[in-house]
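J.: Mind looking over this structure? Questions follow.
Please treat every number below as a calculation from the coordinates, not as lab data. Bear in mind the structure is a predicted one, so any value in this text is a computation, not a measurement. Backbone-built Cβ (ideal geometry, glycine too); neighbour counts: all protein chains shown.
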Amino acid sequence: MRVATTMLAALLALGAAGAARADEPGAASPAEDEGLVAVKIKGLDHVWARPGANLSAYDKIMIDPVEVSFRKDWKPDIAGGPITAAERQSIKDGLAKIFRQELKKEIEGGGYPVVNSAESDVLRIRAEIRDLYINAPDLPRAGLTRVYALSAGEMRLVAELRDSSTGALIARVIDLKRDPDAPWLHVTTRVENVAAARRAIAEWAKILRKRLDAAHTLKQ
C-alpha cells in the first residue's frame, strides 16, 4: 500500500478545482476528510493520495477544460495604458490552450490516448491555474514598446485525478512554479513568456506520464 500511495501521489501532475490553499498559514485541506493522506513527493509542493488506489487500470486520459485566474494583486500597466478585460481574457485563454497542448503532447507521446468520453479505463484530469502573475506582459499595442523583467513570473497548479466513470477522487496536488530569476533585467517578449509557461506545464505533464508508466510496469 505504501508503494501504491507514493506512486499515486506522484502521478498527481495535473487536475483541478476545489482544492484548499494549503500553502497559506493555517489553511486546512479537505483532502483528509475525503479519505486522502498527505505524502511527500519531490518536485511537488503539496500532494494527497488515496491509499491503495490502482492506477494501472487507466490506459486513457480525459482532460477537463482548464480554468485560469490571476493573482489578486496583479495590476500591471504597460505602454498604452492598463491591461483591459479583453486582454486579460485573451491571456487566460491562451494559457489554458497551452496547458492542454503540452499535457496532450506528453501523454499521447507516452502511448496514452486523450479521449472525450468517460469509461472504466479513463483517468480524468481536472486542472486549474491560480495566482498567475506575469512580470512584464507583452501585448500588441500601437508604437514601439520595450518591457523589462528579471523573470517571466509564476503560477500555481491545483489538480485532481478522478475515476472518469465513477467520479471518485484519487489524488490531489497543489504546486507553485516560478520562472528562475535572471541576474539582470532583460527585455521580455510574448515569446519568452509563452516559453516559460510551456516549460512549467511540461514539467507537470512529464511527472504524470512517468507515474503512469510506473503503474503499468508494476502491472506487468
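J.: 7 Å from Cα along Cα→Cβ at both Arg178 and Ala38: what's the point-to-point distance in nm?
T.: Output for this residue pair reads 2.1 nm.
J.: May I pose another question? With a 10 Å Cβ neighbour count serving as the proxy for reagent exposure, in which order, fewest first, do Glu102, Glu154, Glu160 appear?
T.: Glu154, Glu102, Glu160
J.: Still on this structure, I have one more. Give the cross-link partners of Lys72 among the lysines, using a straight C-alpha distance below 26 Å as the criterion and excluding same-chain residues fewer than 8 apart.
T.: Lys92, Lys97, Lys177
J.: Distance in nm between label sites at Glu119 and Thr217, each 7 Å beyond Cα in the beta-carbon direction?
T.: Computed distance between label sites Glu119 and Thr217 equals 2.6 nm.
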